[in-house]
Structure formats: structure tokens, C-alpha cells
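Asker: Sharing a structure, written as C-alpha cells. Questions coming.
The values are calculated or read from the model by the stated rules, or taken from the named source; none is laboratory data. In this text, all values refer to a predicted model and were calculated from it rather than measured experimentally. Because the Cβ atoms are built from the backbone with ideal geometry, glycine has one as well, and the counts that use them run over all protein chains shown.
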Amino acid sequence: MSYRNLSIWAGVFGFAGVIVLGIAASQAQELLRLGQYDADGDHTISIAEAQTALTSEFSELDQNHDGVVSEVEFIAVRLAGLKRLDTDHDGKITRAELRATVRARLGR
């Protein structure tokens, strides 16, 4: 995966990446999504893959399927994602938890 491709990908999904709960955890979540949206496994995101991912991302955020994402929906979905990163359930995400989760999801 090149930094250029990651940059393009992050730009597409950046709207969902930064919240009050912390940039590091959000960035880790976004990195984990890379593998999910790279359908052909070439470590890049094509325009078609990005369009599919954007539709999927919006659908995930729009919990009541009314065609808009409210602040409450956005925060609820992101908080749930952050809680998945907190593997020891202590209310905090450590570097070790982030690293282990990213490595596990990327198969490293």
C-alpha cells in the first residue's frame, strides 16, 4: 500500500475519521477499513471500490435509513467502533490494543 493511495482513501473517508474521542483510534479504524474495501486485494482502492465503500460507510452511519446522518447517529456508530478497539474493556485504548487490532485485521 502506498502513502499516496492511503492519502486518497483517507480523503474519501476522512469525514468519518475525526471525532472528539481521539484521532489515533479513528485513524486505526480507517486503516482497518482499507482491507475491507480493497475488494481485489491489490492494496489500493480503485474508484469503483471507493464508491462502493462510500455507499457502505454512509449506510452504516445512517442508522434509521432516513437519508441523512445526524450527529447522534455519527457519534453512536463511531463510539461503538472505538469500544471494539478497547479489547480489555477498561474504557481506554492503549497503543498495544491499537497495534494488536490493526495487525490482526491486516493479517500481520
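Asker: Residue check: is residue 87 within 19 Å of residue 104 (Cα to Cα) and of a type in the set (Val, Ile, Thr)? Full working, then the answer.
Answerer: On the way: within 19 Å of residue 104 (Cα to Cα): yes; of a type in the set (Val, Ile, Thr): yes.
Against the criterion (within 19 Å of residue 104 (Cα to Cα) and of a type in the set (Val, Ile, Thr)), residue 87 qualifies.
Asker: Restricting the search to region 75-89, which residues are assigned to a loop (DSSP other than H, G, I, E, B) and surrounded by 12 or more Cβ atoms within 10 Å (Cβ to Cβ)?
Answerer: Residues of region 75-89 assigned to a loop (DSSP other than H, G, I, E, B): 86-89.
Those that are assigned to a loop (DSSP other than H, G, I, E, B) and surrounded by 12 or more Cβ atoms within 10 Å (Cβ to Cβ): 86, 87.
Asker: Show me the helices (runs of 4 or more DSSP H) entirely contained within region 1-74 in which 1 or more residues are under 15 Å from the mean Cα position of the chain (by Cα) and at pLDDT below 50. Break it down into steps so the answer makes sense when it comes.
Answerer: Values: elements: 3-13, 23-37, 47-61.
Counting at least 1 such residues, we get 3-13.
Asker: So if I check each of 84, 78, 95, which one is of a type in the set (Lys, Arg) and over 13 Å from the mean Cα position of the chain (by Cα)?
Answerer: On the way: 84 fails: over 13 Å from the mean Cα position of the chain (by Cα); 78 fails: over 13 Å from the mean Cα position of the chain (by Cα).
Only one candidate qualifies: 95.
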